[in-house]
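The values are calculated or read from the model by the stated rules, or taken from the named source; none is laboratory data. What you see is a predicted model, and the numbers here were worked out from it, not measured in a lab. Cβ sites come from the backbone with ideal geometry, for glycine too, and all protein chains shown count toward neighbours. Keep in mind that these areas ignore ligands, DNA and RNA; they rest on the heavy atoms of the full protein, side chains included. Shrake-Rupley method; radii C 1.70, N 1.55, O 1.52, S 1.80 Å.
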Amino acid sequence: MSEPVAAKVLVVEDNRTMLALMQYYLSKDFTVFLARSAEEALEVLQREQLHAVVSDQNLGDGLMGVDLLKRVSELQPHAARILVTASQKLEDAQKAINEARVNHFLTKPFTEQELKNTVGQAVHNAALVAIRDKMVQELKEQLGLRPGAGKPAAGKAGTPPPSARARSAEPRPPEAKGAASQSLIPESERLAFRDGLTGLYNHRYFQEALSAGLLSARRREQKLALVLVDIDGFRRFNVSRGYAEGDKLLRRVAQMVTEMMEDPVTHARSDNSSEIAARYDWDVFGVILCNADVERARTYSEKLRKAVEELDFPEGTGGAVGEVTVSAAVAVFPDQARNEQELISAAEKALRTSKASGPNRVVLATR
């Protein structure tokens, strides 16, 4: 697998010494462009497609960093925006977020590691947003949809998914067709990278996010854990209880997979988080944990396994507790794998080992 081109980062700082230092810190992992003023920065923005812009708040040429980053959000909205500031006032941060859509902050004085981590995370998150936007656009083109269109365009390549074909076949009054087409546009955004049954990310987005996550882990010299979770005896459950109950179980376990990923302190989950859960296969879920070693991944997996084991399903029956269990496999980069394919292979092999050893257990991959 070929290595992706280094991300392009623009650093804007009017102090020559600080500018040179930031270039030295970042040049190992990124292609770095330098500017000592907002004017120079705008020139770079006109000729280069950037992944991130790091700007000091006080540029010394009559334009503040937040003003420059506001222009960045207009010219290159997919580029991550990082504001370097000595201010710790809440109102300053709110202005930067509201007016310039600043994604990340660096507070002076900062260390080399803080700079590299902040830029690395910003580039990673921007890459995930770009992946999602690309998938949305592809699906819109496949469906023949575009903003402002009165009806789907004819002659577009590709076949819409069954759900979209079913919707378009429903009889509607003539005056409702334009509005119906408009309503499909936000729906297509969900369909592009979300699994229709569980609401988790779909397999294609999972693959793209894993590639982006591994690239970020290499740049930042961090670990990344892949967890595969399989519902034990799911086919048998479908036969004995019916597919409707099987779908309910998939949705319930999917909900638990994401709940266990919450921050243990804040309990926060962000849609832009670089840690994601996806529907990997029919009854298998894939979880990407960034900057996670084997212990953190094992703790997550055991917590999930125990929660599913104690699941009251169907809810309120009580006597069915313990009927549903999961098996899980953990593989960690770079401990058990050097690249994406090796990591997936290690996790899948560990999952097969887990299933062969009996249900309701967590197995760690070996190299």
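Quick notes on this structure:
- Per-residue ³J(HN,Hα) for region 119-124, Karplus 6.51 cos²θ - 1.76 cosθ + 1.60, θ = phi - 60°, Hz, x for Gly and Pro: 5, x, 5, 5, 5, 4
- Of Lys8/Lys223; Lys28/Lys349; Lys134/Lys223; Lys134/Lys306, pairs whose Cα-Cα distance is over 29 Å: Lys28/Lys349; Lys134/Lys306
- Per the Debye formula on identical point scatterers at the alpha carbon atoms of region 32-124, with no solvent, log10 I(q)/I(0) at q = 0.19, 0.22, 0.24 Å⁻¹ is -0.86, -1.18, -1.40.
- Here the Karplus relation 6.51 cos²θ - 1.76 cosθ + 1.60, evaluated at θ = phi - 60°, turns the backbone of region 34-42 into coupling constants of 10, 8, 9, 8, 5, 4, 5, 5, 5 Hz, with x for every Gly and Pro.
- For Tyr300, the solvent-accessible surface with a 1.4 Å probe is about 20 Å², rounded to the nearest 10.
- Amide H contacts of Val84 (H built 1.01 Å from N, in plane; Pro and chain starts excluded): Ser55, Asp56, Gln57, Leu106 sit under 5 Å, all sequence-distant by 5 or more or on other chains.
- With 0.36 nm allotted per residue and the present C-alpha distance subtracted, the Arg71-Lys349 stretch has 95.2 nm of extension available.
- Distance between modelled label sites at Gln255 and Met18, nm, 7 Å Cα→Cβ extension: 4.9
- Spatially proximal aspartates and glutamates relative to Lys116 (Cα-Cα < 12 Å; intrachain offsets below 8 disregarded): Asp29, Glu221
- Rounded to the nearest 0.05, the FRET efficiency derived from the C-beta distance between Glu43 and Gln113 at R0 = 45 Å is 0.90.
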